[in-house]
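The structure under discussion appears below in the form of C-alpha cells.
Bear in mind these aren't lab numbers, they're just calculated from the coordinates by the rules spelled out. Here the structure is a predicted model, which means the values were calculated and not measured. Ideal geometry is used to build each Cβ from the backbone, glycine not excepted, and the neighbour counts take in all protein chains shown.
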C-alpha cells in the first residue's frame with residue numbers, strides 16, 4: 001500500500017509498503033478524512049520521539065472498516081467509524097489501574113505514528129476494534145469526525161486535568177486547534193472568565209466564539225502581567241496549557257492562585273527540562289497542582305464527544321480553515337501545518 005511517511009528526522013515522503021494484517025480482535029480501516037496535527041510536526045522536524053524510519057504518519061482521522069478479525073462483534077466491513085488517536089490495550093495492567101493511555105509503558109497507548117504506522121496510508125490497523133472504535137453518526141460530516149479523533153479530546157482533557165468548576169476563572173495558554181478545544185471544554189464545564197493566550201486574529205475570533213472572555217496577546221508584553229492585571233492581581237483559579245515550550249509552566253505557576261490546578265496537554269517537542277519557578281511555587285509548598293496527561297482513548301470517549309457535536313453543543317466548523325479533497329493532498333496539508341500561515345487553524349483532507 002501507499003502512505004505518507006517519516007523517512008527519517010527532518011524528511012517525509014511517499015512510500016510503498018506491505019499492508020497491515022488483521023488480528024482476531026482488530027480491524028483494518030481505510031481513511032475517509034484525515035487531519036495533520038502539530039504533533040506530526042514535532043515528531044518529524046524536531047525528532048521529539050526519536051528517530052523513525054519509513055513510519056507512516058498520522059493519528060487524527062476517521063474511516064470505513066475494510067476487514068475485521070474473527071472475534072470482533074460490533075463492527076463489520078462498510079461501517080463508518082470514529083477512530084481515537086489513542087488506542088490502548090484494554091487488558092493491560094495500566095488500563096486496569098485507570099491509565100489506559102500508558103498501556104504497555106509511558107505514552108504507549110499512542111500507537112499511530114509512534115510505535116506503528118499511522119493513518120496516512122491507504123489502510124491502517126486498529127487494535128482491539130470493539131474497544132477502540134465507535135460508529136460514526138450519519139449526521140456528522142467526515143471532516144468534523146476527523147477532529148473528534150485527537151484535537152477535541154486532547155483540548156477537553158486539558159480542561160478535565162485542570163478540574164474546572166462552576167465560576168472558575170481560567171487561562172488557556174495557546175489557542176491553536178487544541179487550545180480552542182480547551183477553551184470550549186472550559187466553557188462547557190462552567191468557567192466564568194476565560195482568558196485565552198494567542199496572537200493570531202483568526203484564532204482569537206474562534207476563541208471568543210468558543211467562550212473566551214478576554215484575549216491575551218503575548219506580543220503585547222509578559223502574559224503573566226497581563227493576566228494579573230485582568231484579574232486585579234488575584235491570578236486565575238485554573239490554567240490549561242495547550243501550547244508553548246519548556247518555559248510555559250513557569251508562566252502558569254506565576255499566574256495561578258494557591259490551590260489552583262494546571263492541566264497540561266502540550267506536547268513538548270524539544271528541551272530537556274520543564275522550568276518551575278521555586279519562589280512562585282511556594283518553595284515547593286504552594287498547593288499549586290500540576291496535572292499533565294495524554295488524552296484518554298477508546299470508543300466510549302469517541303461516542304460521548306460525538307454526542308456533543310450531534311446535539312449542537314460543539315460546532316467544529318470554525319476550525320476547518322483549509323479543506324482539501326483527495327488522499328494525495330495529505331502531504332500538502334501536512335506542510336501547511338508546518339508553515340502555519342496566519343489564516344490557518346486546521347487543515348482537513350477528505351479522501352474521497
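What translational diffusion coefficient, in µm²/s and rounded to a whole number, does the Stokes-Einstein relation yield for the chain at 20 °C and a viscosity of 1.002 mPa s, taking the hydrodynamic radius as the Kirkwood radius over Cα pairs?
105
Taking the 0 to 90 degree range and rounding to the nearest ten, how far is the long axis of helix 299-310 tilted relative to the main principal axis of the chain, both from C-alpha atoms?
70
Give the angle, between 0 and 90 degrees and rounded to the nearest 10, that separates the Cα long axis of helix 330-339 from the longest principal axis of the Cα atoms of the chain.
20
Which order results if 249, 147, 181 are arranged by neighbouring Cβ count within 10 Å, fewest first?
Fewest-to-most Cβ neighbours within 10 Å comes out as 249, 147, 181.
Over all distinct Cα pairs, what is the inverse of the mean 1/r for region 155-292, reported as the Kirkwood hydrodynamic radius in Å?
14.3
Counting pairs of alpha carbon atoms under 8 Å apart in space and at least six apart in sequence, what relative contact order in percent does region 60-151 give?
After rounding, I find 34 percent.
Binning at 10 Å from 0, report for region 138-236 what percent of all alpha-carbon pair distances ends up in each bin.
Going out from 0 Å in 10 Å bins, region 138-236 shows 17, 46, 29, 6, 1 percent.
What is the distance in Å between the Cα centroid of region 58-95 and that of region 209-268?
36
Neighbour counts of other C-beta atoms within 10 Å: give me 285, 337 arranged from fewest to most.
Ranking 285, 337 by Cβ neighbours within 10 Å, fewest first, gives 285, 337.
Quick one: order 275, 49 by neighbouring beta-carbon count within 10 Å, fewest to most.
By the 10 Å Cβ count, ascending, the order reads 275, 49.
Can you compute the FRET efficiency between residue 16 and residue 338 using 1/(1 + (r/R0)^6), with r the Cβ-Cβ distance and R0 = 30 Å? Round to the nearest 0.05.
After rounding, the FRET efficiency stands at 0.80.
What is the distance in Å between the Cα centroid of region 306-351 and that of region 96-155?
Comparing the Cα centres of region 306-351 and region 96-155, I get a distance of 17 Å.
Would you mind checking the tilt of helix 151-161 against the longest principal axis of the Cα atoms of the chain, expressed as 0 to 90 degrees and rounded to 10?
40
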